[in-house]
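Asker: Just passing along the structure, written as structure tokens.
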Amino acid sequence: APLFGRLERQAPDALLAIIGLHRADPRPGKIDVGVGVYRDATGATPVMRAVKAAEARLLATQDTKSYLGPEGDQRFTDLLAPIALGGALAADGRITGVQTPGGTGALRLAAELIAVADAERAVWIGTPTWPNHAPIFRAAGLTVRTQAYYDAAQSRVDFDAFLAGLTQARAGDVVLLHGCCHNPTGTGFAHHEWAVLAKEIARRGLIPLVDLAYQGLGQGLEEDAAGMHVVLNGVPEAMVAYSCDKNFALYRERVGALWVQADRPAMALPVRENMLVLARSLWSMPPDHGAAIVRTILEEPALTSDWRDELTQMCGRIRSLRAILGAAHPALAPIARQDGLFALLPIGRETVAALRAEHGIYMPDSGRINIAGLNDETVARFVAALLPHLK
Ligand code: PMP
């Protein structure tokens with residue numbers, strides 16, 4: 001029998017289907033709030049200024065494309081650590097990090113590391129979440145369990161339900177947390193909730209895995225990592241899966257890192273050696289160019305500050321659109337208090353279909369919108385189309 005004869009059809013990615021429909025729509029006023037990348041006011045996802053400058057330098061100075069190791073560009077990871085982890089944790093001898101192909105690669109490497117350490121540990125994921133989370137952990141052979149995270153009726157974190165979910169976990173299980181800019185809800189833990197969470201996670205002997213994929217696109221670089229720092233400081237063991245693909249707008253270059261915090265400095269080296277062995281069989285070594293760009297930016301103060309400025313400006317654009325949406329209707333008010341690219345609209349799939357058919361507004365059936373898909377002109381038309389459907 002043919003090897004591939006038993007393979008079944010697979011549904012295409014729902015968002016890719018939306019992109020296709022949007023592209024085929026001839027109406028000039030069509031609006032795409034589906035695709036999950038930052039866009040400027042003209043709808044473009046530009047290469048950042050500091051990235052262009054760093055690429056020009058790399059082109060002029062790079063003198064070899066020879067192999068690096070499975071850890072990738074170690075200087076990239078070391079320069080990124082103080083931004084992601086803060087100075088104190090970055091200098092903590094219990095923490096070790098390697099470059100990965102994007103945040104996805106970091107999550108997959110974390111999953112494989114959990115599986116070789118103890119495949120019986122379940123991974124707990126709050127719902128809803130990024131649709132790729134569960135498949136990544138299952139691909140490593142781990143059991144995924146879900147717990148409630150979001151109260152859709154109130155558009156807020158259901159913190160009591162989330163804590164109740166943690167009581168179901170066995171000591172030693174892993175808990176996935178979005179560090180900031182929750183995908184798809186935009187809704188994160190409040191300061192005091194992070195502190196409670198850190199205590200509960202420690203008390204129950206759980207291991208946090210923080211997915212930090214949008215640092216700097218919420219309230220600012222430092223603010224967006226503050227909750228995660230509270231958790232890392234409160235527990236013996238933890239993991240951080242980091243993506244530079246949004247905050248450096250490097251998406252297709254696949255830039256990320258995985259940090260693992262061991263319970264004592266002597267365990268950092270065995271942890272690291274296992275990460276390297278796993279990386280070897282997953283991708284041998286991560287692609288270099290994107291990480292080299294980030295390293296070049298972080299090595300040079302002028303480029304670093306230009307990157308920070310442009311990121312702050314991107315973040316400001318998202319925040320001002322959030323303010324406009326939040327002021328448009330009481331049912332949208334939570335959007336002004338949320339962070340990052342995404343919000344879940346309080347509408348059903350019939351409304352999503354009606355917005356598409358009648359107004360050329362494109363979003364997935366979940367009602368998740370990418371705020372950055374709007375601008376000062378389209379946001380008014382978007383709100384006008386939406387208002388009749390809100391309660
Ligand atoms: N985590 C979350 C929550 C995300 O939304 C994404 C990207 N959509 C990722 C991780 C993965 O990012 P990357 O493109 O760097 O793999």
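Asker: Mind counting the residues in the range 118-144 that are of a type in the set (Lys, Arg) and either touching a Lys or Arg at 6+ places or on another chain (Cβ under 6 Å) or surrounded by fewer than 17 Cβ atoms within 10 Å (Cβ to Cβ) (or both)?
Answerer: 1
Asker: Here's something else I'd like to know. Just give me the residues in the range 82-132 being free of Cβ contacts under 8 Å to residues at least 60 places away in the same chain, assigned to a loop (DSSP other than H, G, I, E, B) and away from the ligand (no atom under 11 Å from the Cβ), in sequence order.
Answerer: Across the range 82-132, the qualifying residues are 91, 119, 120, 122.
Asker: Can you run down the residue pairs with Cβ atoms below 9 Å, 6 or more apart or on separate chains, where the first is in the range 133-144 and at positive phi and the partner is part of a loop (DSSP other than H, G, I, E, B) and away from the ligand (no atom under 13 Å from the Cβ)?
Answerer: Every condition considered, the pairs that remain are 141/119.
Asker: Does the range 21-36 include one or more residues that are in contact with a Lys or Arg (Cβ under 9 Å, 6 or more places away or on another chain), surrounded by 10 or more Cβ atoms within 10 Å (Cβ to Cβ) and assigned to a helix (DSSP H, G or I)?
Answerer: Looking for residues that are in contact with a Lys or Arg (Cβ under 9 Å, 6 or more places away or on another chain), surrounded by 10 or more Cβ atoms within 10 Å (Cβ to Cβ) and assigned to a helix (DSSP H, G or I), one finds at least one in the range 21-36, hence yes.
Asker: Moving on to the next point. So which residues in the range 160-188 are free of Cβ contacts under 8 Å to residues at least 40 places away in the same chain and touching a Phe, Trp or Tyr at 6+ places or on another chain (Cβ under 7 Å), if there are any at all?
Answerer: 162, the sole residue that qualifies.
Asker: β-branched (Val, Ile, Thr) and touching a Phe, Trp or Tyr at 6+ places or on another chain (Cβ under 7 Å): which single residue out of 95, 114, 136, 125 fits that description?
Answerer: Among 95, 114, 136, 125, only 95 is β-branched (Val, Ile, Thr) and touching a Phe, Trp or Tyr at 6+ places or on another chain (Cβ under 7 Å).
Asker: Which of the numbered conditions does residue 208 fail, given that it passes all the others? Conditions: (1) within 16 Å of the ligand (Cβ to nearest atom); (2) under 26 Å from residue 79 (Cβ atoms); (3) within 15 Å of the chain's Cα centre (by Cα).
Answerer: So the condition that residue 208 fails would be (3).
Asker: Still on this model: Can you tell me which of 241, 302, 291 is crowded, with 22+ Cβ neighbours inside 10 Å and under 25 Å from residue 62 (Cβ atoms)?
Answerer: 291
Asker: Going by the structure shown, is residue 183 more than 30 Å from residue 270 (Cα to Cα), of a type outside the set (Ser, Thr, Tyr) and within 16 Å of the ligand (Cβ to nearest atom)?
Answerer: Yes: the conditions hold for residue 183.
Asker: Report, by residue number, each residue of the range 59-74 that is part of a loop (DSSP other than H, G, I, E, B) and touching a residue at least 24 places away in the same chain (Cβ under 8 Å).
Answerer: 62, 65, 67, 68, 70, 71, 73
Asker: Does residue 165 satisfy being of a type outside the set (Lys, Arg) and on the phi > 0 side of the Ramachandran plot?
Answerer: Spelling it out, it is not the case that residue 165 is of a type outside the set (Lys, Arg) and on the phi > 0 side of the Ramachandran plot.
Asker: Just one of 243, 155 is within 27 Å of residue 313 (Cα to Cα) and within 16 Å of the ligand (Cβ to nearest atom); which is it?
Answerer: Result of the check over 243, 155: 243.
Asker: List the pairs whose first member sits in the range 319-330 and is in contact (Cβ under 8 Å) with a residue 24 or more places away in the chain and surrounded by 15 or more Cβ atoms within 10 Å (Cβ to Cβ), whose second member is assigned to a helix (DSSP H, G or I) and charged (D, E, K, R), and whose Cβ atoms are under 9 Å apart, counting only residues at least 6 apart or on separate chains?
Answerer: 322/337
Conditions tested, residue by residue: (1) at pLDDT 95 or above; (2) out of contact with any strand residue (DSSP E or B) (no Cβ under 6 Å at 6 or more places or on another chain); (3) surrounded by fewer than 17 Cβ atoms within 10 Å (Cβ to Cβ); (4) of a type in the set (S, T, N, Q).
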residue	(1), (2), (3), (4)
13	no, yes, yes, no
19	no, yes, yes, no
39	yes, yes, no, no
49	yes, yes, yes, no
54	yes, yes, no, no
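Asker: Which of the following residues is over 14 Å from the mean Cα position of the chain (by Cα) and assigned to a strand (DSSP E or B): 277, 271, 231, 260?
Answerer: 260 is the lone residue from the list that is over 14 Å from the mean Cα position of the chain (by Cα) and assigned to a strand (DSSP E or B).
Asker: Go through 236, 270 for me and flag whichever is touching a residue at least 12 places away in the same chain (Cβ under 8 Å) and away from the ligand (no atom under 16 Å from the Cβ).
Answerer: After ruling out the rest, the residue left standing is 236.
Asker: Return yes when residue 218 is over 18 Å from residue 81 (Cβ atoms), within 16 Å of the ligand (Cβ to nearest atom) and touching a Cys at 6+ places or on another chain (Cβ under 7 Å) and no when it is not.
Answerer: yes
Asker: Sort out which residues of the range 342-378 are farther than 15 Å from residue 36 by Cα, small (Gly, Ala, Ser) and touching a strand residue (DSSP E or B) at 6+ places or on another chain (Cβ under 7 Å), and write them in order of number.
Answerer: 360
Asker: Kindly indicate which of 257, 249 is within 16 Å of the ligand (Cβ to nearest atom) and either hydroxyl-bearing (Ser, Thr, Tyr) or touching a Ser or Thr at 6+ places or on another chain (Cβ under 6 Å) (or both).
Answerer: So the residue among 257, 249 that is within 16 Å of the ligand (Cβ to nearest atom) and either hydroxyl-bearing (Ser, Thr, Tyr) or touching a Ser or Thr at 6+ places or on another chain (Cβ under 6 Å) (or both) is 257.
Asker: Still on this structure, I have one more. Checking residue 50 against (1) part of a helix (DSSP H, G or I); (2) touching a residue at least 60 places away in the same chain (Cβ under 8 Å); (3) farther than 24 Å from residue 255 by Cβ, which single condition isn't satisfied?
Answerer: (3)
Asker: Further question on the same structure: Need the failing condition index for residue 175 against (1) more than 16 Å from the ligand (Cβ to nearest atom); (2) aliphatic (A, V, I, L, M); (3) not in a helix (DSSP H, G or I), just the number.
Answerer: (1)
The values are calculated or read from the model by the stated rules, or taken from the named source; none is laboratory data. Since we're looking at a predicted model, the values are computed, not measured. Don't worry about glycine lacking a Cβ; one is built from the backbone with ideal geometry, like all the others, and counts go over all protein chains shown.
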